[in-house]
1. Out of everything in the range B:10-38 that is aliphatic (A, V, I, L, M) and out of contact with any Ser or Thr (no Cβ under 8 Å at 6 or more places or on another chain), what residue ends up being nearest to B:R63 (Cα to Cα)?
2. Exactly one condition in (1) in contact (Cβ under 8 Å) with a residue 12 or more places away in the chain; (2) within 11 Å of chain A (Cβ to nearest Cβ); (3) of a type in the set (D, E, K, R) is not met by B:E69; state its number.
3. When the residues of the range A:193-220 are narrowed to those that are within 20 Å of A:L44 (Cβ to Cβ) and of a type in the set (G, A, S), which ends up surrounded by the most Cβ atoms within 10 Å (Cβ to Cβ)?
4. Among the residues of the range A:97-128, what is the count of those that are polar (S, T, N, Q) and within 14 Å of chain B (Cβ to nearest Cβ)?
5. Within the range B:25-60, which residues are closer than 18 Å to B:V78 by Cβ, among the β-branched types (V, I, T) and more than 14 Å from chain A (Cβ to nearest Cβ)?
6. Among the numbered conditions (1) more than 29 Å from A:A187 (Cα to Cα); (2) touching a Ser or Thr at 6+ places or on another chain (Cβ under 7 Å); (3) β-branched (V, I, T), tell me where B:V7 comes up short.
7. Give me the pairs, please: first residue somewhere in the range B:10-24 and closer than 18 Å to A:P151 by Cβ and more than 9 Å from chain A (Cβ to nearest Cβ), second residue anywhere and part of a loop (DSSP other than H, G, I, E, B) and modelled with pLDDT of 90 or more, beta-carbon distance under 8 Å, and either six or more positions apart or on two chains.
8. Within chain B, considering only strands (runs of 3 or more DSSP E) that don't extend past its boundaries, which have at least 2 residues that are buried (at least 17 other Cβ atoms within 10 Å of the Cβ)?
Amino acid sequence: MKTGIVVFPGTNRERDMVQALTLASGQAPQMLWHQQDSVDGLDLVVLPGGFSFGDYLRSGAMAAHSPIMNAVRAFAQKGGYVLGVCNGFQILTESQLLPGALLRNAGMRFLSQDCHLKVEGRDSAFTAGWQTGDVFRAPMAHGDGNYTAAPDVLDRLEGEGRVAFRYCNADGVVSDDDTRINMNGSARSIAGVLSENRRVCGLMPHPENLTDEAVGGTDGLPLFKGIMEAMGV
Amino acid sequence: MKVRVFVYLKEGVLDPQGKAVGHALQTLGFKGVEDVRISRVVELDVDAVDKAAAQKQGEDMARALLANEVIEDFRVEVCA
């Protein structure tokens, strides 16, 4: 199985992602520069975190128009697996590969701390490493993570089981209005969503930063194990 | 020709920046301030044959990049 990580000017989490993908798949991913116009031969494309193009205009807006995103869009339309984390999630919404948008955190503060996520998405490689309802810890580091979408879009996401992850506390309690739990103010506590064909997933927190006991835990490893398993690795 | 594209958050979309500025204004003694919304103005010099063409260019650019229509509305103004 071949994986690739897209690097934009300002991307800064790509090495963490290399580590996680290598651990889970046993193979080092290919690094892809944003000016490339092909992702041929890959099974999974990952858009990592960072501040692509300095977050100019809106987070992810410039990156969404990079040459490589045309290739990623075509790849996704053919059923390719795409994962976007943090800035990668913002790029996926700006590219309209995922619905909704990420606004400034409701409390205006950049949040750099651990959070807990509840696994909710059904029938997807990105959630297959957990049981539905499982709770896991994930670091987060973002200023624009406040997920929003029109109410009918939110209803559809929930109805179709496309809310992949929701913010919760360590006991799995979800509370949209509690800023200690839903820290960035996301609509319906949504931390991650799936595309209609469930092959594209975006989330704000960083499971790739907890994939090794040496750095404090492996809570995020099931994300990558699940993807690899679904792809037959 | 000078084109101004005004990009602002749709009604109902939370504007934490506006809220913070509103609080700051009240602290400064501007008691009558109720709702504050922050928007963005993009000024462009475009090569266009007439005002209508410049207007269309502005709208096309807003749709393609300058505004995210999931959360934002826009208005285009062509300056004489």
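The values are calculated or read from the model by the stated rules, or taken from the named source; none is laboratory data. Computed from a predicted model, the values in this text were never measured in an experiment. In this analysis, Cβ positions are derived from the backbone assuming ideal geometry, glycine residues included, and neighbour counts consider all displayed protein chains.
1. Among those residues, the one meeting the criterion is B:I38.
2. The one condition B:E69 does not meet is (1).
3. A:G202
4. Residues of the range A:97-128 that are polar (S, T, N, Q), as a first pass: A:105, A:112-113, A:124, A:127.
Remaining after also requiring within 14 Å of chain B (Cβ to nearest Cβ): A:105.
Matching residues across the range A:97-128 total 1.
5. B:V46, B:V49, listed by residue number.
6. Looking at each condition in turn, B:V7 falls short on (1).
7. Listed pairs, sorted by first residue: B:K10/B:I71.
8. Here the list reads B:2-9, B:72-79.
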